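The structure appears right after this line, and notes come after that.
The values are calculated or read from the model by the stated rules, or taken from the named source; none is laboratory data. Nothing here was measured: the structure is a model prediction, and the numbers come from that model. In this analysis, Cβ positions are derived from the backbone assuming ideal geometry, glycine residues included, and neighbour counts consider all displayed protein chains.
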Amino acid sequence: MLYRRHLRIKALQSLYAYFSGGQEDLISGEKQLLSSINKLYELFIYQISFLYEVKRFAENRIEESKKKFYPTEEDLNPNLKFINNRFFKHLETNIDFLKKEELYKVNWADEQEIVRKFYMNLQESGFYKNYMENEVSNLDEDKKLIIKIIDRLLAPFDLLQSIYSEKSVYFVDGYDLVNILLIKYVDSINKKSNENTKMPPLLKTENDPINSDLEFVKKLFRKVILNNEENDNLIKPKTKNWEYDRIPLLDLILIKMAITEFEYMDEVPVKVTLNEYIELTKYFSVTKSRTFINGILDKLIQELKENGRVKKLGKGLIN
């Protein structure tokens with residue numbers, strides 16, 4: 001479910017914490033890295049569960065309205081389209097989801113006011129009203145609604161983020177990313193999905209270590225730390241026009257991560273590594289730094305290739 005870019009970002013954050021004094025040693029730093037990744041999956045389950053809790057809330061409201069002393073026609077014959085949404089129907093019977101919800105002890109009993117406020121926001125939204133009024137009812141339309149709920153209401157819902165901040169700092173850090181993963185998950189549901197369909201794994205866990213995302217991120221984290229001094233010696237000669245000690249730590253870490261992939265990630269093509277770290281500089285570096293990093297990487301890859309330090313497993317991966 002996570003892309004390698006997400007793992008690179010997680011490694012970058014953990015390496016920055018390590019080199020800035022936030023971690024005592026490599027082992028504890030690695031544990032924190034893996035914990036931050038695992039917490040993403042826990043938050044993923046929480047978010048799915050929250051959406052389903054909103055459906056439960058809506059269902060309870062309908063039942064309560066029927067019990068009024070003077071129920072209206074709408075109370076007695078409510079529009080059930082939302083609570084019958086096929087995404088929710090899938091969740092309520094999905095064995096793997098229910099097990100994981102229980103595993104993480106997800107319970108919204110004490111947060112009903114937040115659920116109510118979210119449901120009120122939903123009812124007031126134009127896209128929800130259009131969905132409820134539209135007579136078209138199929139899986140695609142149901143999925144589109146849930147995706148809009150995630151994108152337009154769940155993503156900016158500060159009250160829920162406040163609840164998560166009390167549970168784990170990793171929940172706050174991973175909130176935006178998990179919403180992206182959630183949209184990806186909703187979009188993946190199809191007519192063949194049933195109660196035995198497994199929830200998507202957070203990482204690729206094939207037995208082949210070359211394809212293991214877990215091994216990838218662990219190796220990336222370890223090698224950057226273990227080869228820190230050697231990497232400094234590689235980079236310094238390429239920075240004659242810069243005062244090395246004044247280069248931002250984040251920029252140096254990005255360069256060292258790229259060097260690590262050039263040298264140790266046999267299955268990752270050179271072009272992929274270059275493109276990935278050039279993209280990361282757009283998010284984590286200022287314009288001046290981006291130019292600097294791109295120039296350094298161009299020089300380093302040429303030197304590493306000439307010295308036979310770039311070894312890739314397949315044809316074309318080294319170019």
Failed item, numbered, when Tyr170 is tested on (1) at pLDDT 95 or above; (2) aromatic (Phe, Trp, Tyr); (3) within 26 Å of Ser14 (Cα to Cα): (1)
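Residue by residue, here is whether (1) in a loop (DSSP other than H, G, I, E, B); (2) among the β-branched types (Val, Ile, Thr); (3) closer than 18 Å to Tyr3 by Cα holds:
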residue: Phe221; (1), (2), (3): no, no, yes
residue: Lys256; (1), (2), (3): no, no, no
residue: Phe262; (1), (2), (3): no, no, no
residue: Asn275; (1), (2), (3): no, no, yes
residue: Ile296; (1), (2), (3): no, yes, no
residue: Leu304; (1), (2), (3): no, no, no
Consider Leu181 carefully, then state whether it is hydrophobic (A, V, I, L, M, F, W, C) and in a helix (DSSP H, G or I). yes
Write out, first by first residue and then by second, each pair whose Cβ atoms fall under 6 Å of each other, whose residues are 6+ apart or on separate chains, and whose first residue, in segment 178-194, is within 14 Å of His90 (Cβ to Cβ) while the second is among the charged types (D, E, K, R). Val186/Lys143
Taking only pairs six or more apart or across chains, which ones have beta-carbon atoms under 6 Å, a first residue in segment 262-288 that is within 14 Å of Phe216 (Cβ to Cβ), and a second residue that is part of a helix (DSSP H, G or I) and at pLDDT below 90? Glu267/Ile210
Counting only residues that are part of a helix (DSSP H, G or I) and either over 15 Å from Phe57 (Cβ atoms) or hydrophobic (A, V, I, L, M, F, W, C) (or both), how many does segment 85-114 have? 18
Look at segment 148-182 and say how many of its residues are within 13 Å of the chain's Cα centre (by Cα) and within 18 Å of Asn107 (Cβ to Cβ). 1
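Condition check ((1) exposed (fewer than 13 other Cβ atoms within 10 Å of the Cβ); (2) touching a strand residue (DSSP E or B) at 6+ places or on another chain (Cβ under 6 Å); (3) closer than 26 Å to Tyr3 by Cα; (4) among the aliphatic types (A, V, I, L, M)) across all residues:
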position	(1), (2), (3), (4)
Ala17	no, no, yes, yes
Ile45	no, no, yes, yes
Asn77	yes, no, no, no
His90	no, no, yes, no
Asp96	no, no, yes, no
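Mind listing whichever residues of segment 115-138 are assigned to a loop (DSSP other than H, G, I, E, B) and within 15 Å of Arg152 (Cβ to Cβ)?
Correct list: Ser125 only.
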Candidate set from segment 279-319 (those that are of a type in the set (S, T, N, Q) and at pLDDT 90 or above); member that is surrounded by the most Cβ atoms within 10 Å (Cβ to Cβ): Thr281
Would you check which residues across segment 229-245 are in a helix (DSSP H, G or I) and crowded, with 16+ Cβ neighbours inside 10 Å and list them? Asn231, Leu234, Ile235, Lys238
Asn38 versus (1) within 28 Å of Lys10 (Cα to Cα); (2) touching a helix residue (DSSP H, G or I) at 6+ places or on another chain (Cβ under 7 Å): which is the lone unmet condition? (2)
Just the residues that are within 25 Å of the chain's Cα centre (by Cα), aromatic (Phe, Trp, Tyr) and surrounded by fewer than 17 Cβ atoms within 10 Å (Cβ to Cβ), please, taken from segment 104-131. Tyr104
Considering each of Lys191, Lys238 in turn, give the residue that is over 30 Å from Leu98 (Cα atoms) and either modelled with pLDDT under 95 or not aliphatic (A, V, I, L, M) (or both). Lys238
